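Inspection log for the structure reproduced underneath, given as C-alpha cells.
The values are calculated or read from the model by the stated rules, or taken from the named source; none is laboratory data. Nothing here was measured: the structure is a model prediction, and the numbers come from that model. Note: ideal-geometry Cβ built from the backbone for every residue, glycine included; neighbour counts use all protein chains shown.
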Amino acid sequence: MPDPRLPAATPLRPRRTAIVVGASSGIGAALTRKLAAEGYTVAAVARRADLLETLCAEINAAHGEARALPFPHDVTDYDSVPATLQKILRTFGHLDLFVYNAGIQHHVRLDEFDFEKDRAMLETNLLGAVAWLNPVGAMFHALKAGHIVGISSVAGDRGRIGAPAYNASKAALTTYLESLRNRLTRRGVTVTTIKPGFVDTDILRAAPKKNFFWLITSEQAAEGIWKAIRARKQTAYVPPQWGLLMLIIRHIPSFIFRRLSF
Amino acid sequence: MSLSSLPYQRLTYLENFGHSLRAASYLYKPTTPEQIAEIFQFAKKNGLSVTLRGAGRSYNDAALNGGGIVMDIQDMNRILEWNPSTGVIKAEPGVTLQKLWQHVLPDGWWPPVVSGTMYTTLGGCLGMNIHGKNNYKMGTIGEHVIELTALLPTGAEVTCSPSHNADLFYALISGMGMLGVFTSITMQMKKVYSGLLEVHAFPAHNLHEHLNAIAETAPTHDYTVGWLDSTATGSGLGRGQLHTAKYLHEGEDPNPKQTLQVSYQTLPSNLFWVFPKSIIHYFMAPFMNNPGVWLINTAKYIASLRESRYRQAHAAFHFLLDYVPNWEKAYGRGGLIQYQSFLPKETAEDAWRELLTLSHKRGLPSYLGVTKRHRPDKFLLSHAVDGFSLALDFKVTASNRARLRDMLQEFDRIVLEAGGRFYFAKNSETTPETALRFLGKETVERFKALKRRTDPHNLLESDLFRRVFGSL
Ligand SMILES: Cc1cc2nc3c(=O)[nH]c(=O)nc-3n(C[C@H](O)[C@H](O)[C@H](O)COP(=O)(O)OP(=O)(O)OC[C@H]3O[C@@H](n4cnc5c(N)ncnc54)[C@H](O)[C@@H]3O)c2cc1C
Ligand SMILES: NC(=O)c1ccc[n+]([C@@H]2O[C@H](COP(=O)([O-])OP(=O)(O)OC[C@H]3O[C@@H](n4cnc5c(N)ncnc54)[C@H](OP(=O)(O)O)[C@@H]3O)[C@@H](O)[C@H]2O)c1
C-alpha cells in the first residue's frame, strides 16, 4: 500500500529522494532541512524517534507537503539495515542520494584506555557505515546511478593524541569511501567525502576542552555540504579553509607531531 | 526479516513511454507460468509487490513499480496455434501486435483492433483493453478474445471467456494487470482481401466541423481518425485533418497476393532514402518548442487542405508513429505526457473548446492532438463512451510542470462535469477522486472485491494502482 504521507510521484510531480542516516540532531538535522528546501523528499534515519518526528513535522509544515519521513533505526543493528533500506525504496520508488552522517565521539582522557568506548565509536562511525554502504553500493551499482555522501572528519586526516578510535574510525571511513569511489565512478555513481572542521553541535558541546576555532553552525555546515553535493565533489572540507590547514598538518613530521598536545 | 538475499543486481531503472517518469525495480523476465508462480512466491516471502510489464508503451506509471518487482513478459512470445481458415489464433502474452499481424496477414487476416504503435504486446493491450481507429465499429480488443488463461497470484490457473468465468473475463481485461497474469490468449482475426486500405484524407476547418466529420464518416467507414492542430486558435480552434479508411472488398485489389506480403507492408528504414530513421528524432528536437510546433502544425494543416484519396498499406495507415523510432525522445529531457479524455458526443465540442482555449490562455499548448470515435463496452474499468476522444500530447519541462499540473486539474474538472471518462494507459495525473467519479463507487467496489478474490495478499500492485486505487 502507498505511504499515505507522500503524494504519488508523477511526470508533473517527480521526486528527488535522499536518505540521511543520523538525521535527528546537529549537522544531519540541518542537512535534512536543507535537502527538503532544495526539493528532495528525505528519509530521516536515527535512533531518537521523537526528535525525528518533530523535525519531519516541522519541515513538512514549512513546505505544506510531506518532504521528510522518519525511519527510526539504530545503525549498530546491522541486520536490520537491508529491510530499512528496502522499506525506504518502496516508499520512495527510487533513490538519488544517500548520506551517512551518523557518528559519535566518546571523549577519552590521555591516560584512559577503554575498549568499550572505542568499540562503540568504531561500530557507529565505521561498521554502521559499512552496513549501509554495502546494500546502497549494490543498489547504485546495479542502477548505474546515484550519489553517496559520507560525513567523515578532518579528524581522520591524522592520528591525534586525544582520540585514537574516533580518528581511526574517520580515517577508515575516508579510505572506505575512496575505495567505493574507485569502484563506483565507472558505474556512473558519485561518492563524496565530507570533512567538517569544528561544528557547533552536541558532539563539541560534550568535549572537555573548548579551544575551537573556525567554529560554524550546523546550518553553515549543511550549506557547505550541499554545495559539495551539487558540484558532485569527490572530497570537500567544510569550511574550505580546513583543506589548507590539514595539508600542513598532514605534513608535520612525526617527531614533532608526537610532542604536540592536540 | 532479513533481506540480505534481495537480488540487488536485478535493480533497474524503468521508464514510462514518455520518458517523463522513472522507477527502480527488481526486473525479472519469466518465460513460463511456473517461473511466474515462483516469482510470486518470492515476492510474498520478501514483502515485495509485483507489476507486470509488456512493452512499456503506456504513457504513465501503469507498468512501473518503484521499489518492487517488475515482471517483463516479453520473452513469453510464442504463437501457439494458428488456423488460417478460421482466423483464430492462440498466442502467449508477450507477442507484439507487430508479430501478430505479420503472422496472419499473408493468410488474409488482420488483427481486429490495433493501437497506434505495433510494438505493444497482447498482454499489455488486454491489460488496458486498447481501442483502435475503429472503436465505434469493432469495440475494444477484449471483444475479440474468445478465451484466455491467466495465472492468479494465488497460484491458481483460470480459463475465462465471455461465457465462462465471465466476471473475471470482463475484469482481467481492462484490469491493468492487477488481478492476474495472462498466460495465453485466443483471439479472432478479421478477414481482409487486400493488404491495402482505401484512404480518404480531408481537412476540417474548426472543432465543430471536425467532430461532425468524424461522426458522419464513422458509420460508413471501417476506420476514422482525426489529427487536430492543437496550436490553432480563434475561428480555427480544433481544425485539423481527417483520415477515413475502408477495407477493400474481394476482387478490388488486382494483386492481393503481393499486397498481403509482410515485405509490402514494411515501413522503410530510411526516410527520404538517406537518413537512417533511428536518428531522425535529433532533427525533430529543435522544433519541439511552442513556435516550432506551431510552424509544423500550421504547415501540416495547409498541406492537408488538399483533399486526397489513395490506397495505403495497413501497417502504414495504422502505425504512422512507428515510422520515426524514438520520436518521443525529441521531446527532450523532461519527456512528454498525454492527456486523453473521452466525452459523450453531446458534450464533447463545448468541453474541448474550453480545454483548448484554456491551454492557449495559459501558454501551454499541446504539441499533438488526435481525435477518435468510440462506443461503450462491458469491461469493468472501461474508458469508452458513446462519443469521442481527444488525446493531447504535452512536452514536460522543469519550468512548466507546476503550471501544467494545475491546468490538467482544471481539465479533469471540465471533463468530469461534461460526463467524460479517462484511460489508465494514458493520463499520468488522474487522482483517486477523479477515478472514483468517472468509474462510480459500485465499479470500484466490484474491482476491489475481485482483487481480494484473485490476489488476497495484494501481491500485484503498480505505481498506477497505488496512485489511483491505493486510497479508494
Ligand atoms: C505511440 C503510441 C500509440 C498508442 N496508441 C494507442 C491506441 O491507438 N489505442 C489505445 O488504446 N492505446 C494506445 N496506446 C497505448 C498502449 O496501447 C497501451 O498503453 C498498451 O497497454 C501498451 O502495451 P504494452 O505491451 O506496452 O503494455 P505495458 O505498457 O507494458 O503494460 C500495460 C498494462 O498491462 C499490464 N500487463 C502487461 N502484461 C500483462 C499480462 N501478461 N497479464 C496481465 N496484465 C499485463 C501491465 O501491468 C500494465 O498495467 C498507444 C501508445 C503509444 C506509445
Ligand atoms: N561537530 C563536529 O565538530 C564534527 C566535526 C567533524 C565531523 N563530525 C561528524 O558529523 C556527524 C554528525 O555529528 P554532529 O556533530 O551533528 O553530532 P550529533 O548532533 O550528535 O549528531 C549525530 C547523529 O548521529 C546519529 N547517531 C548516532 N549514533 C547512532 C546510531 N547508533 N544509530 C543511528 N544514528 C545514530 C544521532 O542520532 P540518534 O542519537 O538519534 O541515534 C545524530 O542524529 C558525525 O559523524 C560526526 O562525527 C562532526
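Are there helices (runs of 4 or more DSSP H) fully within the stretch B:308-418 with at least 2 residues that are more than 20 Å from B:Arg57 (Cβ to Cβ) and more than 16 Å from ligand 1 (Cβ to nearest atom)? List them. Write out each step before concluding.
Numbers: elements: B:314-318, B:348-361, B:401-417.
By residue number, B:348-361, B:401-417.
Would you point out the residue of the stretch B:460-472, among those that are facing chain A (nearest Cβ under 9 Å) and not in a helix (DSSP H, G or I), that is nearest to ligand 1 (Cβ to nearest atom)?
The extreme case among them is B:Glu461.
At pLDDT 95 or above and buried (at least 18 other Cβ atoms within 10 Å of the Cβ), is that true of A:Thr84? Step through it out loud before you land on a result.
Values: at pLDDT 95 or above: yes; buried (at least 18 other Cβ atoms within 10 Å of the Cβ): yes.
For A:Thr84, the condition - at pLDDT 95 or above and buried (at least 18 other Cβ atoms within 10 Å of the Cβ) - is met.
Would you mind finding the one in B:Ile146, B:Ile69, B:Ile89, B:Ile79 that is more than 9 Å from ligand 1 (Cβ to nearest atom), within 14 Å of chain A (Cβ to nearest Cβ) and among the β-branched types (Val, Ile, Thr)?
B:Ile69
Return only the number of the condition from (1) closer than 30 Å to B:Lys257 by Cα; (2) out of contact with any Pro (no Cβ under 9 Å at 6 or more places or on another chain); (3) within 16 Å of ligand 1 (Cβ to nearest atom) that B:Lys191 does not satisfy.
Going through the list (1) closer than 30 Å to B:Lys257 by Cα; (2) out of contact with any Pro (no Cβ under 9 Å at 6 or more places or on another chain); (3) within 16 Å of ligand 1 (Cβ to nearest atom), B:Lys191 breaks only (3).
Quick check: is even one residue across the stretch B:436-459 closer than 29 Å to B:His208 by Cβ, modelled with pLDDT of 95 or more and part of a helix (DSSP H, G or I)?
Yes: one or more hits.
Go through the stretch A:1-40 residue by residue and tally those that are of a type in the set (Ser, Thr, Tyr) and either touching an Asp or Glu at 6+ places or on another chain (Cβ under 7 Å) or within 12 Å of another protein chain (Cβ to nearest Cβ) (or both). First the steps, then the outcome.
Of the residues in the stretch A:1-40, the ones of a type in the set (Ser, Thr, Tyr) are A:10, A:17, A:24-25, A:32, A:40.
This time we only want the ones that are either touching an Asp or Glu at 6+ places or on another chain (Cβ under 7 Å) or within 12 Å of another protein chain (Cβ to nearest Cβ) (or both), so: A:10, A:17, A:25.
Of the residues in that region, 3 qualify.
Being within 14 Å of chain B (Cβ to nearest Cβ), away from ligand 1 (no atom under 16 Å from the Cβ) and out of contact with any helix residue (DSSP H, G or I) (no Cβ under 8 Å at 6 or more places or on another chain) is true for just one of A:Phe140, A:Phe115, A:Phe71, A:Phe92. Which residue is that?
So the residue among A:Phe140, A:Phe115, A:Phe71, A:Phe92 that is within 14 Å of chain B (Cβ to nearest Cβ), away from ligand 1 (no atom under 16 Å from the Cβ) and out of contact with any helix residue (DSSP H, G or I) (no Cβ under 8 Å at 6 or more places or on another chain) is A:Phe92.
Among the residues of the stretch B:84-110, write down those that are part of a loop (DSSP other than H, G, I, E, B), touching a Lys or Arg at 6+ places or on another chain (Cβ under 7 Å) and not acidic (Asp, Glu).
Passing the criteria: B:Gly87, B:Gly108.
Filter the stretch A:36-74 down to the residues that are more than 20 Å from A:Lys87 (Cα to Cα) and touching a residue at least 60 places away in the same chain (Cβ under 8 Å) and list them by number.
A:Glu38, the sole residue that qualifies.
Kindly indicate whether B:Arg421 is within 16 Å of ligand 1 (Cβ to nearest atom) and in contact (Cβ under 8 Å) with a residue 24 or more places away in the chain.
The answer is yes for B:Arg421.
Within the stretch A:180-191, is there a residue that is free of Cβ contacts under 8 Å to residues at least 40 places away in the same chain, more than 21 Å from the chain's Cα centre (by Cα), under 30 Å from A:Lys144 (Cβ atoms) and away from ligand 1 (no atom under 16 Å from the Cβ)?
yes
Please work out which one of (1) within 13 Å of ligand 2 (Cβ to nearest atom); (2) at pLDDT below 95 is the condition A:Ser254 fails and give its number.
Every listed condition holds for A:Ser254 apart from (1).
Out of curiosity, is B:Lys137 part of a loop (DSSP other than H, G, I, E, B) and charged (D, E, K, R)?
Judged against the criteria, B:Lys137 is not a match.
Right, B:Pro153: assigned to a loop (DSSP other than H, G, I, E, B) and either among the hydrophobic types (A, V, I, L, M, F, W, C) or over 22 Å from the mean Cα position of the chain (by Cα) (or both) or not?
The answer is yes for B:Pro153.
Inside the stretch B:443-452, can you point out the residues that are more than 21 Å from B:Leu64 (Cα to Cα) and surrounded by 14 or more Cβ atoms within 10 Å (Cβ to Cβ)?
Of everything in the stretch B:443-452, those that are more than 21 Å from B:Leu64 (Cα to Cα) and surrounded by 14 or more Cβ atoms within 10 Å (Cβ to Cβ) turn out to be B:Thr443, B:Val444, B:Arg446, B:Leu450.
Consider B:Arg10 carefully, then state whether it is within 12 Å of another protein chain (Cβ to nearest Cβ) and among the charged types (D, E, K, R).
yes
So that you can scan it fast, the table gives a plain yes or no per residue for (1) of a type outside the set (A, V, I, L, M, F, W, C); (2) within 17 Å of A:Ala168 (Cα to Cα); (3) without any contact (Cβ under 8 Å) to a residue 60 or more places away in the chain:
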residue: A:Asp118; (1), (2), (3): yes, yes, yes
residue: A:Asn125; (1), (2), (3): yes, yes, yes
residue: A:Gly128; (1), (2), (3): yes, yes, no
residue: A:Trp132; (1), (2), (3): no, no, no
residue: A:Pro135; (1), (2), (3): yes, no, yes
residue: A:Ala145; (1), (2), (3): no, no, yes
residue: A:Ala155; (1), (2), (3): no, yes, yes
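Checking B:Tyr264 against (1) in contact with a Ser or Thr (Cβ under 9 Å, 6 or more places away or on another chain); (2) within 22 Å of B:Val113 (Cα to Cα); (3) part of a helix (DSSP H, G or I), which single condition isn't satisfied?
(1)
Out of all the residues in the stretch A:1-49, which are within 16 Å of ligand 2 (Cβ to nearest atom), surrounded by fewer than 20 Cβ atoms within 10 Å (Cβ to Cβ) and part of a loop (DSSP other than H, G, I, E, B)?
A:Ser25, A:Arg47, A:Arg48
Looking at the stretch B:109-118, is at least one residue within 14 Å of ligand 1 (Cβ to nearest atom) and surrounded by fewer than 19 Cβ atoms within 10 Å (Cβ to Cβ)?
There is at least one residue in the stretch B:109-118 that is within 14 Å of ligand 1 (Cβ to nearest atom) and surrounded by fewer than 19 Cβ atoms within 10 Å (Cβ to Cβ).
Could you give me the residue pairs with C-beta distances under 9 Å whose first residue belongs to the stretch B:393-415 and is free of Cβ contacts under 8 Å to residues at least 60 places away in the same chain, whose second residue is in a helix (DSSP H, G or I) and of a type in the set (Lys, Arg) wherever it lies, and which are 6+ apart or on separate chains?
That search, which allows pairs on different chains as well, returns B:Asp412/B:Arg437.
For every residue, the table says whether it meets (1) touching an Asp or Glu at 6+ places or on another chain (Cβ under 6 Å); (2) part of a helix (DSSP H, G or I); (3) under 24 Å from A:Arg230 (Cβ atoms).
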{"residue": "A:Leu51", "(1), (2), (3)": "no, yes, no"}
{"residue": "A:Ala66", "(1), (2), (3)": "no, no, yes"}
{"residue": "A:Asp79", "(1), (2), (3)": "no, yes, no"}
{"residue": "A:Gln105", "(1), (2), (3)": "no, no, no"}
